[in-house]
Structures are given as C-alpha cells and as structure tokens.
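Peer 1: Mind having a look at this structure? Questions to follow.
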Amino acid sequence: MLEIDCQLTKDGYVVVAHDNNLQRLTGQNIKISNTLLKDLPLIKAVLPVDFHPGREVQGSDRRIPLLRDVFQEFPSIPINIDIKEENDRLIKAVSDLVRENQREDITVWGNFRHTTVKKCQNENPDIHTLFSLRAVVFLTLTFNIGLLPFLPIKEQFLEILLPAAFLRKDKEFFTANKKWRFLLWLMEKLVIRRSLFEHLEKRGIQTYLWVLNEEEDWHRAEQLQVTGVMTDFPSKYIQFLEDNGIRTGKVEMKQQ
C-alpha cells in the first residue's frame, strides 16, 4: 500500500504533497492552494528523510505529482490518501478521481480531524476511512474499560504512530519536554497493545504503525501483529521480512 498526502491547487488540480506551504519541499514560501498547477516550483534536488536523521534522498523527476498520474502509474496498488486540508473542493475532487479510476475498493482516505473524516464518509461512503484522532481516543477508552466488543465501528483502518519512532526522530525535543514524553508513554501503555490489534483484526479492521525505518521497530511491529507498517524504505523492509521468514502478501480491503 502507498501512503500519500493530497492538496488542491488554485485551479482545482489534486497534487501529492504533505504541506500546503512549499517552503520545506521546494524552498519557495508559497502555498499550493494559491498557485496554478503550471506555476508550481520544482521539488528540491535533495531532501532529508524526516524519520531517519542524517539520511537524504534525491530523484531525477522533481515535479510535484498529480494524484491522477499516481492512480494511472499504480492502478492495482492500494493507496492511502491523507486529506491534508479540510476543503470540500479537495474532498470532492479526490472522490471524483477515485470513481473515475474505479478504485473505491482499494483506496482509503481521511485525516486526524474528525470533521474531515465525516465529510469524506458523506461524500463517498464506498471508500474506506481512517480513524480520526477523536475516534482513536474513543477506541482507546472503550477498549480499556471493556466496552469495545459491544460497540459498532464505522472506520476500517487504524493508523497510529509508534512512540519509539518519534522519540528517535526528535530525541532532544522529547528529552526536554516532559509533557510530550508523558503523552507518548501513556500512548505506549494504552494504545500500542497486541490485544487491541488482535481484536480489531477479528472485526476486519486493519492496523498500521508509522513511521518505522529501523529493524528494531519492524521486529516490534511483528510482535504486535499489526497488518503492516509505514516506512520510507519499502525495499529494505521487504528484504527484512524475507530474511526473517515473515509472511508477506497482498493487502485485502473489504467493506464492513
């Protein structure tokens, strides 16, 4: 599965980019939402890998890609779309592209914002949805007090960070910020639990941890029996699975 983020240009094109402001990606302090597609600048020649300090990547094609082109390049690959801006035009444009490419059954979308997930569900209920932050909190509370088995769940995909990966990414920040360290510790205790993931799996809900770029985190994910991980190094991860005799397979996405 590919995980991507989407934004909408001034002239209504859906492009694949994490930030609306292009300073970090291109070096230019402009917003995608205020820029025509033809005027979007090229991506920097070299970019850092956020969740792998000290590592950089580069490529020959430096254009900001269109979502349409990604769908055409990977017609049968499941794709996870993070709707980065709560924009009704963006949500409708993404839905239209999914319908046009007949890939509702292999697409999942949403955002941490609960209102964005609700808009996605209303716009196209045939596309799988992610747990919002509010839904994750509700899921955690009801599981830990024993009510979750008796409650319905509308979402089909749980995607959450692995605290260890965040601590490694910004070690100095979290060392200096006791509040954030406590929140990550609490998340580790209440959410990152194999029993929760096994319960969700029985109910047809897939779970993914992000962003895992180290072997020790991949081993942890296997111990937790999650569906999969988000990584910046998919080839390296596949080799890790093969070297350790761990099952691999096609992601199956089913509507509940």
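The values are calculated or read from the model by the stated rules, or taken from the named source; none is laboratory data. Since the model is a prediction, treat every value here as computed from it, not as a measurement. Cβ atoms come from the backbone with ideal geometry, glycine included; neighbour counts cover every protein chain shown. Surface areas here come from the heavy atoms of the whole protein model, side chains and all, with no ligands, DNA or RNA. Shrake-Rupley method; radii C 1.70, N 1.55, O 1.52, S 1.80 Å.
Peer 1: Using alpha-carbon pairs under 8 Å, 6+ residues apart, how would you state the relative contact order of segment 76-170 in percent?
Peer 2: 23 percent
Peer 1: Please work out the average accessible area per residue across the chain, using the 1.4 Å probe convention, and give it in Å².
Peer 2: 56 Å²
Peer 1: Subtracting the Cα-Cα distance from 0.36 nm times the residue separation, let me have the gained length for Ser60 to His199 in nm, one decimal.
Peer 2: This chain segment gains 45.6 nm when fully extended.
Peer 1: Right, next: Just to be sure I follow: if Rg is taken over the C-alpha atoms of the chain and Rh is the Kirkwood radius over the same atoms, what is Rg/Rh?
Peer 2: 0.95
Peer 1: Further, regarding this structure: Considering only protein heavy atoms and a probe of 1.4 Å, how much of the accessible area of the chain is carbon and sulfur, as a whole percent?
Peer 2: C and S fraction of accessible area: 52 percent.
Peer 1: Under unit Cβ charges (Lys, Arg +1; Asp, Glu -1), what dipole magnitude, rounded to 20 debye, does segment 1-119 have relative to its Cα centre?
Peer 2: That gives segment 1-119 a dipole magnitude of about 300 debye.
Peer 1: Of the beta bridges DSSP finds with both residues in the chain, what % are antiparallel, to the nearest 5?
Peer 2: Of those bridges, close to 30 percent are antiparallel.
Peer 1: Next question, about the same structure. Please get the size of the charge dipole for the chain, origin at its Cα centre, with Cβ charges of +1 on Lys and Arg and -1 on Asp and Glu, quoted in debye to the nearest 20.
Peer 2: About 740 debye.
Peer 1: I would also like to ask the following. May I ask you to derive the relative contact order of segment 127-172, considering only C-alpha pairs under 8 Å and at least 6 residues apart, and to give it as an integer percent?
Peer 2: 51 percent
Peer 1: Considering every pair of different Cα atoms, what Kirkwood radius, in Å, is found for segment 68-216?
Peer 2: Over segment 68-216, the inverse of the mean reciprocal pair distance is 16.9 Å.
Peer 1: Next question. Mind scanning Lys44/Lys84; Lys92/Lys119; Lys84/Lys119; Lys119/Lys154; Lys118/Lys179 and naming the pairs with a C-alpha gap bigger than 19 Å?
Peer 2: Those over the limit are Lys44/Lys84; Lys118/Lys179.
Peer 1: May I ask you to derive the FRET efficiency for Lys38 and Leu2 from their Cβ-Cβ distance with R0 = 22 Å, giving the value to the nearest 0.05?
Peer 2: 0.30
Peer 1: Report relative contact order for the chain in percent, whole number only (criteria: Cα-Cα under 8 Å, sequence separation at least 6).
Peer 2: Relative contact order here is 15 percent.
Peer 1: In addition: What is segment 1-141 by shape, rounded, prolate or oblate, if you read a ≥ b ≥ c off the alpha carbon gyration tensor as root eigenvalues and call it rounded for a/c under 1.5, prolate for a/b larger than b/c, and oblate otherwise?
Peer 2: prolate
Peer 1: Multiplying the sequence separation of Arg113 and Asn144 by 0.36 nm and subtracting their Cα-Cα distance, what value in nm do you get?
Peer 2: Extra length from Arg113 to Asn144 when fully extended: 8.9 nm.
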